[in-house]
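A quick write-up on the structure given underneath.
Bear in mind that the values in this text are calculations on the coordinates, not laboratory data. Small disclaimer: the values here were computed from a predicted structure and weren't measured. Cβ placement follows ideal geometry from the backbone for every residue including glycine, while neighbour counts extend to all protein chains displayed.
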Amino acid sequence: MGQSMPLRRPIVLVVEDEPILRLLALDLVERAGFEAIEAADADEAILILGSREDIAIVFTDIQMPGSMDGMKLANAIRDRWPPIKIILTSGHCREEELDLGPGHLFFAKPYDPVRVGQALVNMAG
């Protein structure tokens, strides 16, 4: 009898410039049953997305340093990698101020980890 390959968990790219918040988000993603990878800003996220084809969801902060913020990152993902789903988060914006694409979700900081975890599961399903 051959060994079966273990099922790969969906991969979530966490984009957060604050190290403590990034660690908390990585933990949340892994507790929800996903494999988490990290980027400190949108520029790093674009490099990772360009080098991999297995990312299912991007969980990104909106306010970040670098050449683009989380909204510009979301728009770039929508243009270049349309199957990838996006969750945006911010402590400075309200959902009604944002132009969210179809399938994109927003959570205001501080977000409820249980609600975000459930949203990840729903998006992946």
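Values as computed for the structure displayed
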read-out	value
Count of segment 12-36 residues which are in a strand (DSSP E or B), touching a Lys or Arg at 6+ places or on another chain (Cβ under 8 Å) and under 11 Å from V58 (Cα atoms)	1
Residues located in segment 40-61, provided they are surrounded by 20 or more Cβ atoms within 10 Å (Cβ to Cβ) and under 20 Å from H92 (Cβ atoms)	D41, A42, A45, V58, F59, T60, D61
Residue match in segment 63-84 (condition: part of a strand (DSSP E or B) and either of a type in the set (S, T, Y) or under 21 Å from G125 (Cβ atoms) (or both))	no
Matching residues in segment 40-58 - criterion: being without any contact (Cβ under 8 Å) to a residue 12 or more places away in the chain and of a type in the set (A, V, I, L, M, F, W, C)	L47
Subset of segment 8-21 that is farther than 22 Å from P83 by Cβ and more than 11 Å from the chain's Cα centre (by Cα) - its residue that is surrounded by the fewest Cβ atoms within 10 Å (Cβ to Cβ)	I20
